[in-house]
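Visitor: Below are the structure tokens for one structure; questions will follow.
The values are calculated or read from the model by the stated rules, or taken from the named source; none is laboratory data. Only a predicted model underlies this, so the values are computations on that prediction, with no experimental measurement involved. Ideal geometry is used to build each Cβ from the backbone, glycine not excepted, and the neighbour counts take in all protein chains shown. Surface areas here come from the heavy atoms of the whole protein model, side chains and all, with no ligands, DNA or RNA. Shrake-Rupley method; radii C 1.70, N 1.55, O 1.52, S 1.80 Å.
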Amino acid sequence: MLGGMLTFFFLVIFGLPLAPSIILAILISTIVGITFERLAIRPLKNAKPIRLIIITIGASIFMRGAAMLIWGKDTHALPAFSGNDPLYIAQATILPQHLWIFAITILIIIASRLFFNHSIIGKAMRACAYNAQVASLVGIDVKIMVMLSFAVSAAIGSMAGIIIAPLTMTSYDVGIMLGLKGFCAVIIGGMSSGLGTVLGGLLLGLLEALGAGFISASYKDAIAFIILLLILFFRPEGLFKKKETERV
Amino acid sequence: MAIFISRKLKTMLKIKNINTYYGQVHALKNVSLHLTEGEIVTLIGANGAGKTTLLNSLSGIVPSRSGQILFNDTPINDLYAHQIVKMGISQVPEGRQVFKPLSVEDNLELGAYLYNRKRADKTETKKTGEMVYGLFPILKERRKQLAGTLSGGELQMLSIGRALMARPKLLLLDEPSMGLAPMVAQEIFQVIGNLSREKKTTILLVEQNARAALKLANRGYVLETGRLILEGTAASLLENKEVQRAYLGKDKKEIWER
Ligand SMILES: Nc1ncnc2c1ncn2[C@@H]1O[C@H](COP(=O)(O)OP(=O)(O)OP(=O)(O)O)[C@@H](O)[C@H]1O
Ligand SMILES: [Mg+2]
């Protein structure tokens with residue numbers, strides 16, 4: 001939401017070109033993410049995850065409210081990054097924006113893989129996620145890592161909001177349904193596997209479309225959540241994740 | 001003719017009257033101890049005596065509420081855990097806590113996290129890595145493997161290796177032999193002895209296996225319910241009746257023999 005709205009704001013109100021608007025929007029969303037961590041998460045030392053989740057939900061409601069006050073309730077469309085003329089590829093029509101979404105998603109997945117598997121900072125973040133106390137014993141500043149993880153997720157989140165905004169429009173309250181669907185995709189794919197999540201998303205989209213076709217379009221969203229529940233009941237580790245083989 | 005070079009050995013660590021609490025629980029009561037450069041000192045005590053708490057107070061994980069900790073004459077009470085590692089104190093935590101989702105190699109790389117900025121440091125890190133692989137050749141064989149797939153002994157070696165990657169001046173070891181087969185435990189003790197002899201690393205060794213620890217150490221302290229009740233040279237503690245009864249299990253044998 002923030003990414004899309006901020007981009008729209010810079011683009012239309014300030015009349016900046018698209019690329020700088022996007023960069024500024026991502027930058028500001030990242031700063032908002034970091035500020036949120038400093039003000040709302042860090043003061044709670046050793047809080048349980050459920051409390052942090054509730055605080056996060058609260059903060060997102062607050063930010064939606066603020067966005068509504070600042071920018072109003074109107075829905076805005078971002079222009080597509082490179083025109084709206086559909087492309088015809090082997091008899092299928094596809095919008096250029098779809099290709100942008102696809103390419104940027106792949107890029108983000110590859111970049112995050114490289115970051116978490118090959119850079120020392122990425123590895124340090126994984127170490128913190130696994131065991132923060134021991135991470136501090138090897139000299140990692142856990143607070144910085146937490147802040148960094150908020151920055152990274154805010155940046156990626158705003159990026160996602162921006163690339164889909166030309167298709168879905170953007171307004172003060174987009175993002176909730178998307179967030180929930182994204183959560184479904186993660187659960188279906190199995191946590192902590194970027195590719196699994198993408199496959200999960202793909203599967204979810206297909207099932208939704210099939211369900212909409214065979215049953216009724218008005219059940220489209222319900223189908224997503226029914227699948228989520230089924231997965232959580234019968235295969236909580238996700239469809240694509242190998243069962244953990246861990247020795248203790 | 002023998003020439004005696006007298007070099008005054010420095011006190012490296014000085015703990016003065018620290019008190020540590022978990023909420024209301026008073027876990028360390030007026031504990032004072034010191035370590036001289038190059039020494040191996042062992043801390044023995046029963047379950048729940050406060051040994052881990054003492055190491056964690058030193059490492060900044062559970063800061064002490066009062067008292068003073070001096071490391072090479074610098075107070076370190078108020079430093080964060082990661083800053084204490086930077087000062088040169090590394091802990092091998094109890095229970096072989098390595099980063100299981102990461103490879104052996106990555107675990108060691110994270111051990112040298114302090115040194116990820118400067119070029120010169122990195123070549124030194126490489127050397128330290130070779131040294132660690134030299135101490136524990138099995139780790140080199142397993143370096144691409146996820147740490148979660150290692151055996152108990154290998155996990156302990158990795159845990160020690162990871163701490164060594166920070167090139168500590170003072171190494172804190174929390175029950176490194178716990179739950180290991182006697183042969184493996186012995187190998188670990190041997191490595192600790194070598195580190196002290198060859199690398200001149202100062203070592204504070206927490207152990208339940210009092211006999212092995214006292215054989216290796218120069219001096220020892222005995223902790224009982226948060227209080228230090230005894231201290232002395234390792235030899236004198238091995239002879240001490242109280243220690244023999246409570247930690248070396250001599251009396252038991254005599255009773256059984258009677
Ligand atoms: N996180 C904690 N919260 C509350 N009390 C704790 C905590 N950790 C330890 N304690 C208490 O502090 C005391 C000392 O515990 P500590 O873990 O330091 O003992 P230990 O000597 O290391 O024992 P062991 O040999 O079993 O490892 C115990 O009474 C324990 O119950
Ligand atoms: Mg302990």
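Visitor: What is the Å³ per residue value for the convex hull set by the Cα atoms of segment B:155-247?
Guide: In segment B:155-247, the Cα hull volume divided by residue count equals 108 Å³.
Visitor: Now a separate question. What aspartates and glutamates sit close enough to B:K10 to cross-link, taking a C-alpha to C-alpha distance under 17 Å and skipping anything fewer than 8 places away on the same chain?
Guide: In chain and number order, the partners are B:E37, B:E39, B:D73.
Visitor: Quick one: net charge of B:F71's neighbours, Cβ under 13 Å, K/R +1, D/E -1?
Guide: Here the charged neighbours net out to +2.
Visitor: Taking 8 Å as the Cα distance limit and 6 or more residues as the minimum spacing, I'd like the relative contact order of chain B as a percentage.
Guide: Taking the mean separation of contacting Cα pairs over the length of chain B, I get 25 percent.
Visitor: So how exposed is A:C128, as accessible area in Å² (1.4 Å probe, rounded to 10)?
Guide: Rounded to the nearest 10, that gives 20 Å².
Visitor: Turning to a different aspect of this structure: Report, as an integer, the average count of C-beta atoms from other chains found within 10 Å of each Cβ along A:117-128.
Guide: 4
Visitor: Also: Evaluate the distance, in nm, between pseudo-label points positioned 7 Å from the Cα of A:K73 and of A:N131 along their respective Cα→Cβ axes.
Guide: In this crude spin-label approximation the distance works out to 5.3 nm.
Visitor: Also, quick follow-up: In square angstrom, rounded to the nearest 10, how much accessible surface does B:H34 have for a 1.4 Å probe?
Guide: 70
Visitor: Kyte-Doolittle cut-off -1.0, length cut-off 18 Å along the helix's own axis using Cα: show which whole DSSP H helices in chain A pass.
Guide: Counting only whole DSSP H runs, the qualifying helices are A:18-36, A:49-71, A:96-118, A:142-168, A:176-189, A:194-214, A:220-234.
Visitor: Here's a follow-up. Write down the accessible area per residue of the protein assembly as shown in Å², having rolled a 1.4 Å probe over the full set of protein chains.
Guide: That works out to 54 Å² per residue.
Visitor: How large is the dipole of the protein assembly as shown about the Cα centre if only Lys and Arg carry +1 and Asp and Glu carry -1, each at its Cβ, rounded to the nearest 20 debye?
Guide: Magnitude of the dipole: close to 1160 debye.
Visitor: If you don't mind, another one. So which trypsin sites (Lys or Arg not before Pro) in segment B:11-117 are both in a DSSP loop and have at most 15 other Cβ atoms within 10 Å of their Cβ?
Guide: Sparse-neighbourhood loop trypsin sites (Lys or Arg not before Pro): B:R65, B:R117.
Visitor: What is the sum of charges, Lys and Arg at +1 and Asp and Glu at -1, for the other residues whose Cβ falls under 12 Å from the Cβ of B:Y80?
Guide: 0
Visitor: Which of the helices in chain B meet the span-like rule: DSSP H, Cα axial reach of 15 Å or more, Kyte-Doolittle mean at least -0.5?
Guide: B:152-164, B:182-194
Visitor: Now for a separate question. Please state the relative contact order of segment A:77-172 as a whole percent: Cα pairs under 8 Å, 6+ residues apart?
Guide: Answer for segment A:77-172 is 35 percent.
Visitor: Here's a follow-up. For peptide B:82-94, compute the average count of partner chain beta-carbon atoms within 10 Å of each residue's beta-carbon.
Guide: 3
Visitor: Hey, another quick one. Could you work out the relative contact order of segment B:93-167? I mean the mean sequence separation of Cα pairs under 8 Å and 6+ apart, divided by the number of residues, in percent.
Guide: 55
Visitor: Using only alpha-carbon positions, what ratio does the radius of gyration of chain A give when scaled by 2.2 N^0.38 Å?
Guide: Scaled against compact globular proteins, the figure is 1.09.
Visitor: Taking only Cα atoms of segment B:93-167, what ratio of Rg to Rh do you get with Rh as the Kirkwood inverse-distance radius?
Guide: 0.95
Visitor: Under a plain spin-label model, where a point goes 7 Å from the Cα along Cα-to-Cβ, how far apart in nm are A:L180 and B:N17?
Guide: 6.2
Visitor: Express in nm, to one decimal, how much length is gained between A:R235 and A:N84 on full extension, taking 0.36 nm for each residue of separation and deducting their alpha carbon distance.
Guide: Using 0.36 nm per residue and subtracting the Cα-Cα distance, I get 50.3 nm.
Visitor: Using a simple spin-label model with points 7 Å from Cα along the Cα→Cβ vector, what separation in nm is obtained for A:I104 and A:A217?
Guide: 2.7
Visitor: List, in the order given, every pair from A:K73/A:K220; B:K14/B:K169; A:K143/A:K181; B:K140/B:K200 whose Cα-Cα distance in the structure shown is over 19 Å.
Guide: Long pairs (Cα-Cα over 19 Å): A:K73/A:K220; A:K143/A:K181; B:K140/B:K200.
Visitor: A follow-up question, please. Could you tell me the total accessible area buried at the B-A interface, probe 1.4 Å, in square angstrom to the nearest hundred?
Guide: Buried: approximately 2300 Å² between A and B.
Visitor: Note down the net charge around B:V31, summing +1 for each Lys or Arg and -1 for each Asp or Glu among other residues with Cβ under 15 Å from its Cβ.
Guide: Computed value for this residue: +4.
Visitor: Can you give me the % of accessible surface on the protein assembly as shown that is carbon or sulfur? Probe 1.4 Å, all protein chains present, nothing else counted.
Guide: Ligands and nucleic acids excluded, carbon and sulfur give 63 percent.
Visitor: What are the extents of the Cα atoms of the protein assembly as shown along their three principal axes, listed from largest to smallest and rounded to whole Å?
Guide: Principal extents (largest minus smallest coordinate, Cα): 96, 49, 47 Å.
Visitor: What are the residues of segment B:112-127 that lose 20 Å² or more of accessible area, with a 1.4 Å probe, going from their chain alone to all protein chains?
Guide: Buried-area filter returns B:Y113, B:N116.
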